[in-house]
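J.: Before I ask anything, here is the structure I am working with.
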2 protein chains.
Amino acid sequence: MKVCHRRIIPVTPYSGGTSLEGHFASTRGGVCIDFCRMDQILHLHEDDLDVVVQPALGWETLNEELGKHALFFPPDPGPGAMIGGMVGTGCSGTNAYRYGTMREWVLSLTVVLADGTVIRTRQRPRKSSAGYDLNKLFIGSEGTLGLATEATLKLAVRPHKQSVAVATFASIHAAAHCAAQVVKAGIPVAGIEILDEMQMKFINAGGSTSRQWKEAPTLFFKFSGATTTTVAQDIKLVQAIATSSSGPASSANSFVFAKDEEEMAEPWSARKHALWSVMAMRRGPDDHLWTTDVAVPMSKLPDIIEATKADIVDNGLLAGICGHVGDGNFHAMILFNEAEKQIAEAVIHRMVKRAVDMEGTVTGEHGIGLVKRDYLDHELGMSTVDAMRRLKLAFDPQCLLNCDKVVRVQEPAVDEVKKW
Amino acid sequence: MKVCHRRIIPVTPYSGGTSLEGHFASTRGGVCIDFCRMDQILHLHEDDLDVVVQPALGWETLNEELGKHALFFPPDPGPGAMIGGMVGTGCSGTNAYRYGTMREWVLSLTVVLADGTVIRTRQRPRKSSAGYDLNKLFIGSEGTLGLATEATLKLAVRPHKQSVAVATFASIHAAAHCAAQVVKAGIPVAGIEILDEMQMKFINAGGSTSRQWKEAPTLFFKFSGATTTTVAQDIKLVQAIATSSSGPASSANSFVFAKDEEEMAEPWSARKHALWSVMAMRRGPDDHLWTTDVAVPMSKLPDIIEATKADIVDNGLLAGICGHVGDGNFHAMILFNEAEKQIAEAVIHRMVKRAVDMEGTVTGEHGIGLVKRDYLDHELGMSTVDAMRRLKLAFDPQCLLNCDKVVRVQEPAVDEVKKW
């Protein structure tokens with residue numbers, strides 16, 4: 001029997017918040033089912049730039065509501081992601097270059113520990129150095145240390161003006177060189193994304209945008225600012241860099257930018273729907289999509305992308321690549337059927353090894369889970385993984401929560417661990 | 001006998017770094033003494049925007065060196081602070097509003113644990129979601145979980161143009177209202193600091209700057225951008241808000257800004273030397289300075305500053321107040337002699353209680369140490385402090401490192417704990 005109770009939301013004398021309880025009840029209907037869904041916005045503290053929410057709230061729904069108050073929540077992972085999952089993976093997205101990842105945008109969590117204890121990690125100030133940072137411990141712990149039932153999120157003021165520019169290049173190296181120049185010039189772009197020619201081809205084939213894109217390595221720049229003039233200035237500075245022929249790489253073959261916010265929606269949605277456009281390329285019902293990511297020190301990104309692309313092509317696989325070039329992080333989205341599974345696995349294995357060899361990480365934003373747990377020893381060393389195990393055992397000695405994910409607690413069978 | 005060995009710095013095929021070993025050896029002289037000091041810059045990876053350093057390196061020395069490469073390390077606590085201490089306290093400073101705190105600028109730490117195990121928390125990518133965030137666990141742990149012997153720090157591109165503006169107001173509330181309007185307008189200021197009239201008086205009396213300042217509640221704005229035009233535009237936008245008479249508070253009584261970078265040095269140094277100017281007010285050799293901080297949700301900052309100021313005046317104490325208004329964090333710097341010690345303690349006790357009641361924290365950037373450890377239960381609840389204790393015991397079961405600081409491991413005597 002499923003019993004749902006409507007919770008009373010306490011309003012303390014200092015909360016000063018606008019209760020948004022009922023927002024979903026009124027738009028989605030149903031008494032009580034809304035609270036079972038745990039998808040409520042509980043309090044918006046507009047003057048403090050924070051909001052208290054439940055874990056099953058989607059970040060897009062949250063931002064729709066916040067937009068009415070000229071605010072927004074920066075972490076923007078794939079469409080459909082929810083706050084609880086975003087806490088679990090310590091996610092990021094295209095805004096991470098400017099705003100940082102989920103770790104920087106959670107002020108406080110209410111967490112149920114393995115033994116049933118309920119704790120609140122912090123109060124609501126934007127800054128605190130009071131004790132160990134429990135907040136950051138749970139963010140990215142993939143449900144292995146506790147279950148988050150409520151989150152207080154930091155908010156940003158929504159940029160008053162935004163725009164997008166799209167530039168195409170002869171090679172991944174040329175595109176990455178341009179991105180590095182923009183970063184070094186200190187131009188405050190809101191995001192820099194890189195997509196390879198295959199990914200652009202899939203976007204065209206998927207038809208999710210009305211225009212046809214050049215099928216070449218492409219940079220998407222996002223701009224934001226307080227005024228139209230500021231944004232226009234930033235675009236001009238980036239355009240000058242992209243179209244100059246100085247440096248080791250050739251300049252952009254094309255550079256177009258959106259004239260207003262309406263025009264920017266389409267290019268940016270092309271980037272945001274990269275994943276779905278690869279899925280649309282499935283050759284039949286037996287095709288699966290393997291999406292994986294790694295991150296390396298910034299300057300190594302073009303090398304690892306080129307090496308991984310060559311490996312994909314050499315092995316006859318179909319894949320799109322897109323990356324957060326300002327963070328040295330990229331995704332490979334590989335199509336495979338049962339016959340190609342082992343080939344795909346081997347390609348990803350080599351991609352991960354390459355990242356570790358380049359002083360990078362086996363995952364920049366997707367997390368470890370089961371598949372990548374045995375790579376951690378290679379990336380960080382056994383002593384560091386042992387330190388992580390101490391944390392797991394301190395919080396969940398009986399291994400009740402997502403046991404053996406992230407770090408193994410039980411000794412694996414010898415043939416279970418992949419050869420490095 | 002003190003034995004120092006010059007360490008061989010390994011250069012891996014992928015480090016690509018510029019070894020800066022010998023930088024201090026050449027400027028400060030001495031073979032081997034430099035390594036005993038642990039104050040070296042080991043590798044600067046210019047293209048990756050990161051640097052590997054030792055813990056006794058000062059942030060100002062680091063920034064002098066980085067300035068030659070048009071880079072900088074944003075966390076800017078009090079003059080003289082060193083990277084190891086900054087890691088220990090999870091420090092911040094005037095740049096935290098724009099750039100975040102120490103937590104956001106450390107990529108990796110080499111840490112010696114209580115049992116002698118040496119671990120490295122992460123490799124060098126700017127982003128990672130590989131396992132638990134050990135990095136953040138050690139930052140702010142005040143030496144109670146391990147000793148950091150090396151740090152890889154994230155770097156930012158040094159803003160090409162900077163400026164400072166100073167505005168005076170009739171009250172703390174009026175100044176805070178102006179700051180809130182600037183934040184809401186989305187103007188990307190690099191810092192907003194608030195100083196009370198007493199603090200301005202001390203700066204005048206201390207004579208550390210050549211000009212005399214108005215002795216009124218004052219906002220210091222820091223601006224930075226890619227071009228002179230961008231910076232000038234931001235100043236204009238802030239000036240318009242500060243001098244408009246709309247809103248509940250009166251507008252600024254004065255608004256002046258630096259015309260170039262040379263002119264900005266003086267006002268900003270006035271802010272950065274606030275602490276020393278209070279020390280210069282000591283009435284005699286028996287006077288001590290108690291510097292403490294709390295943080296509250298942003299909108300509560302003027303209320304808590306006004307209440308604390310009134311308490312200080314009512315108790316006949318001399319104190320300056322300055323705050324990071326964009327973070328809801330402020331410092332009280334209180335002069336006291338032996339006869340006033342208990343009075344000062346009581347004033348600070350009430351300031352801390354006020355912060356907790358306003359959903360704030362007992363310390364925004366100074367840390368817990370011994371004095372504030374018993375406040376943690378009140379701020380976070382006993383279950384949360386117990387969770388912190390689990391961490392301490394997992395990493396230092398014998399309580400060898402800074403025992404009983406941050407969280408108590410041993411039961412205190414009843415009369416040792418202050419009444420809340």
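J.: Can you go through A:A339, A:A265, A:A270, A:A232 and tell me which one is over 27 Å from the mean Cα position of the chain (by Cα), in the same structural domain as A:Q212 (by TED's automatic domain parsing) and not hydroxyl-bearing (S, T, Y)?
T.: A:A232
J.: Take the residues in region B:355-386 that are among the hydrophobic types (A, V, I, L, M, F, W, C) and without any contact (Cβ under 8 Å) to a residue 24 or more places away in the chain, then tell me which one is farthest from the other protein chains (Cβ to nearest Cβ).
T.: Per the criteria, the residue is B:V371.
J.: Ok, one more. When A:V409 is evaluated against the numbered criteria (1) at the interface with chain B (Cβ under 7 Å from one of its Cβ atoms); (2) closer than 30 Å to B:V385 by Cβ; (3) touching a helix residue (DSSP H, G or I) at 6+ places or on another chain (Cβ under 7 Å), which criterion, by number, is the only one it fails?
T.: Exception for A:V409: condition (1).
J.: Within region B:83-161, considering only helices (runs of 4 or more DSSP H) that don't extend past its boundaries, which have at least 2 residues that are farther than 29 Å from B:P188 by Cα and in the same structural domain as B:G323 (by TED's automatic domain parsing)?
T.: No helices (runs of 4 or more DSSP H) qualify here.
J.: Looking at region A:172-218 only, could you name the residues that are farther than 19 Å from A:D327 by Cα, in a loop (DSSP other than H, G, I, E, B) and modelled with pLDDT of 90 or more?
T.: Correct list: A:W213, A:K214, A:E215, A:A216.
J.: Among the residues of region A:368-380, is any over 23 Å from A:F330 (Cα atoms) and among the hydroxyl-bearing types (S, T, Y)?
T.: No, region A:368-380 has no match at all.
J.: A:G90 versus (1) at the interface with another protein chain (Cβ under 7 Å from one of its Cβ atoms); (2) at positive phi; (3) in contact (Cβ under 8 Å) with a residue 60 or more places away in the chain; (4) over 17 Å from the mean Cα position of the chain (by Cα): which is the lone unmet condition?
T.: (4)
J.: Keeping to region B:88-134, report how many residues are out of contact with any strand residue (DSSP E or B) (no Cβ under 9 Å at 6 or more places or on another chain), among the acidic types (D, E) and closer than 16 Å to A:M102 by Cα.
T.: 1
J.: Scanning region A:387-402 for residues that are free of Cβ contacts under 8 Å to residues at least 24 places away in the same chain and under 27 Å from the mean Cα position of the chain (by Cα), which turns out farthest from the other protein chains (Cβ to nearest Cβ)?
T.: Ranking the qualifying residues of region A:387-402, first place goes to A:R389.
J.: Name every residue in region B:357-388 that is surrounded by fewer than 17 Cβ atoms within 10 Å (Cβ to Cβ) and within 23 Å of A:R390 (Cβ to Cβ), in order of residue number.
T.: B:M382, B:S383, B:D386
J.: Residue check, A:F255 against (1) touching a Phe, Trp or Tyr at 6+ places or on another chain (Cβ under 6 Å); (2) not in a loop (DSSP other than H, G, I, E, B), all met but one. Which one?
T.: (1)
J.: Condition first: under 17 Å from B:G323 (Cβ atoms) and part of a loop (DSSP other than H, G, I, E, B). Now tell me which residues in region B:263-295 satisfy that.
T.: Once the filter is applied, which keeps residues that are under 17 Å from B:G323 (Cβ atoms) and part of a loop (DSSP other than H, G, I, E, B), region B:263-295 yields only B:H273.
The values are calculated or read from the model by the stated rules, or taken from the named source; none is laboratory data. Everything numeric here is computed off the predicted structure, so don't read it as measured data. Note that we place each Cβ from the backbone using ideal geometry, even for glycine, and neighbour counts take in every protein chain shown.
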